[in-house]
There are 2 protein chains.
Amino acid sequence: MATLPRAISDLVGVFERLPGIGPKSATRLAFYLLNTPISFVEEIAGDLARLKSEIMICGECFGVSESNVCGICRDSKRKTNLICVVERAIDVVALENVGNYGGIYHVLNGVINPLNHIGPEDLKIDELLSRLSKIDGPVEVILATNLTMEGEATALYIRKKIEVLGKHGLKISRIGSGLPIGSDMEYADMATLSRAMEGRTEL
Amino acid sequence: MATLPRAISDLVGVFERLPGIGPKSATRLAFYLLNTPISFVEEIAGDLARLKSEIMICGECFGVSESNVCGICRDSKRKTNLICVVERAIDVVALENVGNYGGIYHVLNGVINPLNHIGPEDLKIDELLSRLSKIDGPVEVILATNLTMEGEATALYIRKKIEVLGKHGLKISRIGSGLPIGSDMEYADMATLSRAMEGRTEL
């Protein structure tokens, strides 16, 4: 709209570039902010600035952190012999929100994706192997990459790499797959149904 | 999540307070911004700051503006004897996006809503009457408040007030209502169907 003031249309423009926000939501957000107290808008702007200046990558698990080593890796109550391997730092948030996982994490920073020219060397796989080789005693690695083609392939690749380490007492598992809770058999896709049948558990 | 760095959880917190953004979207947005170039984050912060400093309310129509009088009110190609009355400035954007309205606007800044203690004196109704009384010759006022109970009541109230002016050549209309384009009779609610039947047009 040519008649919309620049300060609003620019903001609508940047909001539209965010994931999951279309032109209508972007406009609604901009007008909402226009009618909020200036303190709230300043709070957002300040938090945005802090995001880039304060957040670091944890040197252990490669998740998000406020210091060289993140709060999860520093937490002495966590089992250091239970490592959950995920694609992205946001996956850690999803699993932590569940609340009952007591182990630590390893963020790969992506998946193997030849079409996008992302190979194993672009991911934190060597770092995972190095972490594993330093742990004494039994270890369980849960491969929790996404249930996509790339996530599955990456999980298989990592499993092979870990097996080559030849570590004793090492258990490798894949995050469970099947029908999501609350779902209806009728609407499930074939691949999920097939996986759910394979992964049936005894009652 | 207790283990999420403050700079991220604060940003997630402010995002959650925005309309239409829940906890999951807020987290996704924060992590998306974490992985974008700092220039983009600075652009958002800058546009937010400009929003509050540069946007004014138009002294004529009470829509958003960059100066005392907005671009629409200053546009000499627009019919000044066709005034569309809307609830909020964002409604002007919606109508301008359609593109074929050649008149001007009047933003009420809300609707009469006794439950929220908003009376006619809180809206720009007197200002509308004063604008109308200054116009010579025939005028059409389109009442385009929302099709809600409050919007309908406000439209009726304004119609009465305008009629009291006793202006010659004054036409008052209400924005058309009925079935939305692309909709299915079967799923329409009774009130809409009844209104659509009343408002049938000859083919």
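Which of the residues spanning region B:14-52 are of a type in the set (Gly, Ala, Ser) and more than 27 Å from the chain's Cα centre (by Cα)? Even if it seems obvious, please write down each step before you answer.
First, pick out the residues of region B:14-52 that are of a type in the set (Gly, Ala, Ser): B:20, B:22, B:25-26, B:30, B:39, B:45-46, B:49.
Passing the criteria: B:30, B:39.
Consider region A:28-65. How many of its residues are touching a Pro at 6+ places or on another chain (Cβ under 7 Å) and without any contact (Cβ under 8 Å) to a residue 12 or more places away in the chain?
Qualifying residue count, region A:28-65: 4.
Return the only residue of B:99, B:103 being of a type outside the set (Val, Ile, Thr), closer than 27 Å to residue A:21 by Cα and free of Cβ contacts under 8 Å to residues at least 40 places away in the same chain. Quick ask: steps written out before the conclusion?
Numbers: B:103 fails: closer than 27 Å to residue A:21 by Cα.
Going through B:99, B:103 in turn, just one is of a type outside the set (Val, Ile, Thr), closer than 27 Å to residue A:21 by Cα and free of Cβ contacts under 8 Å to residues at least 40 places away in the same chain: B:99.
Does residue A:68 qualify as being under 21 Å from the mean Cα position of the chain (by Cα) and either surrounded by fewer than 18 Cβ atoms within 10 Å (Cβ to Cβ) or at pLDDT 95 or above (or both)?
So residue A:68 passes the test.
Are any residues in region B:117-128 surrounded by fewer than 16 Cβ atoms within 10 Å (Cβ to Cβ) and either among the β-branched types (Val, Ile, Thr) or touching a residue at least 12 places away in the same chain (Cβ under 8 Å) (or both), and if so, which ones?
The first filter runs over region B:117-128 and keeps only residues surrounded by fewer than 16 Cβ atoms within 10 Å (Cβ to Cβ), leaving B:117, B:119-122, B:126.
Within region B:117-128, B:120, B:122 meet the criteria.
Take residue A:40 and tell me if it is within 9 Å of chain B (Cβ to nearest Cβ) and touching a helix residue (DSSP H, G or I) at 6+ places or on another chain (Cβ under 8 Å). Working first, answer last.
Working: within 9 Å of chain B (Cβ to nearest Cβ): yes; touching a helix residue (DSSP H, G or I) at 6+ places or on another chain (Cβ under 8 Å): yes.
Judged against the criteria, residue A:40 is a match.
Among the residues that make up region B:158-166, is at least one of them within 25 Å of residue B:79 (Cα to Cα), part of a loop (DSSP other than H, G, I, E, B) and either in the same structural domain as residue B:93 (by TED's automatic domain parsing) or modelled with pLDDT under 90 (or both)?
Quick first cut of region B:158-166, residues within 25 Å of residue B:79 (Cα to Cα) only: B:158-166.
Adding the requirement that they be part of a loop (DSSP other than H, G, I, E, B) leaves B:166.
Next cut, either in the same structural domain as residue B:93 (by TED's automatic domain parsing) or modelled with pLDDT under 90 (or both) only: B:166.
The answer is yes; a qualifying residue exists.
Are any residues in region B:65-107 among the aliphatic types (A, V, I, L, M) and within 14 Å of chain A (Cβ to nearest Cβ), and if so, which ones?
Within region B:65-107, the subset among the aliphatic types (A, V, I, L, M) is B:69, B:72, B:82-83, B:85-86, B:89-90, B:92-95, B:98, B:104, B:107.
The answer is B:69, B:72, B:86, B:89, B:90, B:92, B:93, B:94, B:95, B:98, B:104, B:107.
Of B:142, B:162, which residue is within 20 Å of the chain's Cα centre (by Cα) and within 23 Å of residue B:109 (Cβ to Cβ)? So that I can check it myself, show each step before the final result.
Numbers: B:162 fails: within 20 Å of the chain's Cα centre (by Cα).
None of the others qualify; the one that does is B:142.
Run down B:55, B:90 and say which single residue is touching a Phe, Trp or Tyr at 6+ places or on another chain (Cβ under 9 Å) and more than 15 Å from residue B:155 (Cα to Cα). Don't jump to the end; show me each part of the working.
Working: B:55 fails: touching a Phe, Trp or Tyr at 6+ places or on another chain (Cβ under 9 Å).
Selected residue: B:90, the only one of B:55, B:90 that is touching a Phe, Trp or Tyr at 6+ places or on another chain (Cβ under 9 Å) and more than 15 Å from residue B:155 (Cα to Cα).
Looking at (1) of a type outside the set (A, V, I, L, M, F, W, C); (2) within 7 Å of another protein chain (Cβ to nearest Cβ); (3) surrounded by fewer than 18 Cβ atoms within 10 Å (Cβ to Cβ), which is the one condition that is false for residue A:53?
(2)
Within the set of pairs 6+ apart or on separate chains, which have a first residue in region B:185-203 that is without any contact (Cβ under 8 Å) to a residue 12 or more places away in the chain, a second that is surrounded by 10 or more Cβ atoms within 10 Å (Cβ to Cβ), and C-beta atoms under 6 Å apart?
Going by the 6 Å Cβ cut-off, the qualifying pairs are B:188/B:179.
Within region A:129-150, take every residue that is surrounded by 14 or more Cβ atoms within 10 Å (Cβ to Cβ) and farther than 21 Å from residue A:101 by Cα and give me the one that is modelled with the lowest pLDDT.
First pass over region A:129-150, keeping only residues surrounded by 14 or more Cβ atoms within 10 Å (Cβ to Cβ): A:129, A:131-132, A:135, A:139-147, A:150.
Okay, now just the ones that are also farther than 21 Å from residue A:101 by Cα, so A:129, A:150.
Numbers: A:129: 96, A:150: 93.
Taking the candidates together, the pick is A:150.
Do you know which residues across region B:114-133 are closer than 21 Å to residue B:147 by Cβ, in a helix (DSSP H, G or I) and touching a His at 6+ places or on another chain (Cβ under 9 Å)?
B:128
Among the numbered conditions (1) more than 16 Å from residue B:80 (Cβ to Cβ); (2) at pLDDT below 90, tell me where residue B:110 comes up short.
All conditions pass for residue B:110, except number (2).
State the number of residues belonging to region A:97-113 that are surrounded by 20 or more Cβ atoms within 10 Å (Cβ to Cβ) and part of a strand (DSSP E or B). Can you show your working first?
Going through region A:97-113, the residues surrounded by 20 or more Cβ atoms within 10 Å (Cβ to Cβ) turn out to be A:104-108, A:111-112.
When the remaining residues are screened for being part of a strand (DSSP E or B), the result is A:104-107.
Result for region A:97-113: 4.
Report whether or not residue A:183 is at pLDDT 90 or above and more than 22 Å from residue B:28 (Cα to Cα).
On the way: at pLDDT 90 or above: no; more than 22 Å from residue B:28 (Cα to Cα): yes.
Considered against the rule, which asks whether it is at pLDDT 90 or above and more than 22 Å from residue B:28 (Cα to Cα), residue A:183 comes out as no.
Report the residue count in region A:176-203 for those that are surrounded by fewer than 10 Cβ atoms within 10 Å (Cβ to Cβ) and at positive phi.
Qualifying residue count for the region: 1.
Consider only pairs whose beta carbons are under 8 Å apart and that are at least six residues apart or on different chains; among these, list those whose first residue lies in region B:139-159 and is on the phi < 0 side of the Ramachandran plot and in contact (Cβ under 8 Å) with a residue 12 or more places away in the chain and whose second residue is of a type in the set (Ser, Thr, Tyr) and surrounded by fewer than 15 Cβ atoms within 10 Å (Cβ to Cβ).
B:140/B:173; B:141/B:173; B:142/B:173; B:143/B:173; B:147/B:177
Name the one entry in A:44, A:72 that is touching a Gly at 6+ places or on another chain (Cβ under 8 Å), over 19 Å from residue B:65 (Cβ atoms), outside the structural domain of residue A:127 (by TED's automatic domain parsing) and of a type in the set (A, V, I, L, M). Break it down into steps so the answer makes sense when it comes.
Working: A:44 fails: touching a Gly at 6+ places or on another chain (Cβ under 8 Å).
Testing whether each residue is touching a Gly at 6+ places or on another chain (Cβ under 8 Å), over 19 Å from residue B:65 (Cβ atoms), outside the structural domain of residue A:127 (by TED's automatic domain parsing) and of a type in the set (A, V, I, L, M) leaves just A:72.
The values are calculated or read from the model by the stated rules, or taken from the named source; none is laboratory data. A quick note: this is a predicted structure, and the numbers were derived from the prediction, not measured. With ideal geometry, Cβ positions are generated from the backbone for all residues, glycine too; neighbour counts draw on all protein chains shown.
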